[in-house]
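Everything on this sheet refers to the single structure shown next.
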Amino acid sequence: MTKKLNFDQLSKRERQIMDIVYQLDRSTANEIMDRLPESPKNATVRKQLSILAKKGFLIIEQQDANPHNRYSYIPAIPLEKARDNALDRLLNTFFQGSTSQAMMAILKKSEMDMSRNEMAVFKDLIEKERIKGR
């Protein structure tokens, strides 16, 4: 049985690292260091990457081509699953679990700066939920 990974248990720096790894899809320690705030030390970042791998959040792949960046770091959890986890945390923390409140906040923030295609997708999703009786 696979252990369920909990993003809530990550430290602030570990979450920052994971955010960068997801943004880049595959990254080296140097690429991660360059994007982290507050200029952390090389050894500190490499230690945190090792810890994230031991916790099961990262996959480490060895690279033969580049002697300066010997390892690549890849998210162990697919982006879609991580996105769902982050969205659940956001909904529960700031919107008391209400998807509709979150959608209204997003629409207000975006000031309806959506393409016709995006609006059609929203309209279709709302209509499907209406038909389900939600």
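Readers should treat all values here as calculations from the given coordinates under stated rules, not as data from a laboratory. Owing to the predicted nature of the structure, the values given are computational and were not obtained by experimental measurement. Quick reminder, even Gly has a Cβ in these numbers, built from the backbone with ideal geometry, and neighbours come from all protein chains shown.
Specify which residue in the list S110, S100, Y73 is farthest towards the positive end of the charge dipole of the range 54-134, using unit charges on the beta carbon of Lys, Arg (+1) and Asp, Glu (-1), about the Cα centre.
S100
Can you give me the long-range amide H partners of I59? Hydrogens built in the peptide plane at 1.01 Å from N, cutoff under 5 Å, separation of 5 or more residues or another chain.
Those lying under 5 Å, H to H, from I59 are I74, A76.
Which entries of K12/K47; K12/K55; K4/K55; K55/K81; K41/K81 show an alpha-carbon separation above 20 angstrom in the structure shown?
Over 20 Å apart, Cα to Cα: K41/K81.
Report, as a whole number in µm² per second, the diffusion coefficient that Stokes-Einstein gives for the range 7-79 at 25 °C and 0.890 mPa s using the Kirkwood radius over alpha carbon pairs.
Rounded, D is 201 µm²/s.
Determine one quarter of the surface area of the Cα convex hull of the chain, which equals its mean projected area, and express it in nm² to one decimal.
For the chain, averaging the hull's shadow over all directions gives 11.9 nm².
Which of K47, K123, K55 moves the most in a Gaussian network model of the chain with Cα springs under 10 Å?
Top of the fluctuation ranking is K123.
GNM, the chain, Cα, under 10 Å: largest mean-square fluctuation among D124, D64, D19?
Checking each option, the largest mean-square fluctuation is seen for D124.
Below 8 Å between Cα atoms, with a sequence gap of 6+, how large is the relative contact order for the chain in percent?
Computed over the chain, the figure is 19 percent.
How high is the relative contact order of the range 7-79, in percent, counting Cα pairs under 8 Å that sit 6 or more residues apart?
Relative contact order for the range 7-79 comes out at 34 percent.
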